[in-house]
1. Of 341, 279, how do they rank once you tally other Cβ atoms within 10 Å and put the fewest first?
2. Roughly what would the spin-label model give for residue 22 and residue 145, points 7 Å off Cα along C-beta, in nm?
3. Using only the alpha-carbon atoms of the range 94-154, report the extent along each of the three principal axes, biggest first, to the nearest angstrom.
4. Rounded to the nearest 500, what is the chain's calculated 222 nm mean residue ellipticity when only DSSP H runs of at least 4 contribute -39500 (n - 2.57) each, over all residues?
5. Please report Rg (one decimal) and Dmax (integer) in Å for the Cα set of the range 19-115.
6. Out of every Cα-Cα pair in the range 270-328, what percent are more than 20 Å apart?
7. Considering the values [x] 42, 24, 22; [y] 32, 25, 18; [z] 29, 23, 22, which represents semi-axes √(5λ) of the Cα gyration tensor in Å as calculated for the structure under consideration?
8. Restricting things to alpha carbons, tell me how big the range 228-345 is in terms of Rg and Dmax, in Å.
Amino acid sequence: MNDDPRSSERTAPPVAKNISIASAIGLGTLMMSTFVAITTEILPVGLLPQMSTEFRVDESVIGLVVTLYAVVVAILALPLTAWTARLPRKPLLLVSIGGYGLSSLIVAIAPTFVLLCVGRAIGGVAHALFFSVVAAYASRLVPRELVGRAIAIAFAGTSLGYVLGVPLATSVGAAVGWRAGFAAMAGAAAILVLLAATLLPPVVEDHRGSDARIQWQGTGIIAVGLANLLVFLAQYTAYTYIAPILIRAGLPTSAVGACLLLFGAAGIVGLWSASLFVDRRPRAGALATFAVLAVGLGVAAVAADSLVVLIVAATLWSAAFGATPSYLMTAAIRTESGSPDSAGALVNGSSNLGIAGGAALGSVLLVVGGPVGTLVAGSALAVATVVLVAVARRGFPAVPQAER
């Protein structure tokens, strides 16, 4: 392969137009799986006020259950990928989905804040395994020139989690109690285990990543991992506390679920936009996406007391964030710095390091600087992401390298 990143800018490789029926069924199953996964991870965001009241702790403290979950993922993503590299992929996915169900069940019945944290930690272990496997699984269901599209389809579940899962569970929580939302997710995970066992086709194993080794130099993977970390820091510094931010701007608590539904719908639009560019002009698409994220967060910071402007700005940045997983996961796999599993583990770990850091940073800024502090910090981190992608041509080439 030609290592000169500029050579990739001359012509885009032809992209096949069709995905087989078997692969489409598999990708649909993975999409449902990512839906359950992201809904389980982010569900506390919409239920912070209710959980804070019941456990008699500040909202910034409850927000740290998101941090705990993400820290577990960040620590375990690469080790779990190495320890399980020679195991069949399908059973691993089934076990990880079952782990989400167990996590939600424990949280739903937790009588104390400590047990709540235990349940979330179990979810973090499942998440560390799941997202380290799912992107590689999707990439093996299709020809190499369709990897970006396959990942976009599989990760559509993340946007659906925002647009349907979290808002619906939040609405249920507001109506009948936050525990019902987590109980519903436990049931959904149990059903999905049965569906995935039936519908998900097995894939050819790739043992190149048996020790999770990554070629760090000369591949662009460092830039991709750092960009992924920055963009998740930007998002979760603000989004972890979006419910109290909206309520302080004048939104009724009962309307938080509807707003999250709007933001999730915007994320689906962003995901669709990524599918148009990720296999043809990934660099331009990524730059535009991260720039929109920065602008949306910046406008929200300036108008944090204006509910209408805040909602519009949050919708804008949610659309941008909905596109980011496709660009970053695909970029990591295309660096060919290791196996697809290793690339998935790196992105998974750096994503959750960003989630943990963002939730922790946001908890401090919410107390010290109020909503404006979280939003300004998020915008600044998004700007840093744009700059990094602009200079990192090896990790983010204008068009994909031609496949041999």
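1. Ordered from fewest to most neighbouring Cβ atoms within 10 Å, 341, 279 come out as 279, 341.
2. Roughly 2.1 nm, to one decimal.
3. 50, 16, 14
4. Helix-only estimate at 222 nm: -25500 deg cm²/dmol.
5. My reading of the Cα-based Rg and Dmax gives 16.4, 53 Å.
6. Numbers: 470 of 1711 pairs.
Roughly 27 percent, rounded to a whole number.
7. Answer by label: [y].
8. Both quantities, over Cα of the range 228-345: 15.5, 49 Å.
Any read-out appearing in this document is the output of simple, stated calculations on the displayed coordinates, not a laboratory observation. Since we're looking at a predicted model, the values are computed, not measured. Cβ: placed from backbone, ideal geometry, glycine included. Neighbour counts: every protein chain shown.
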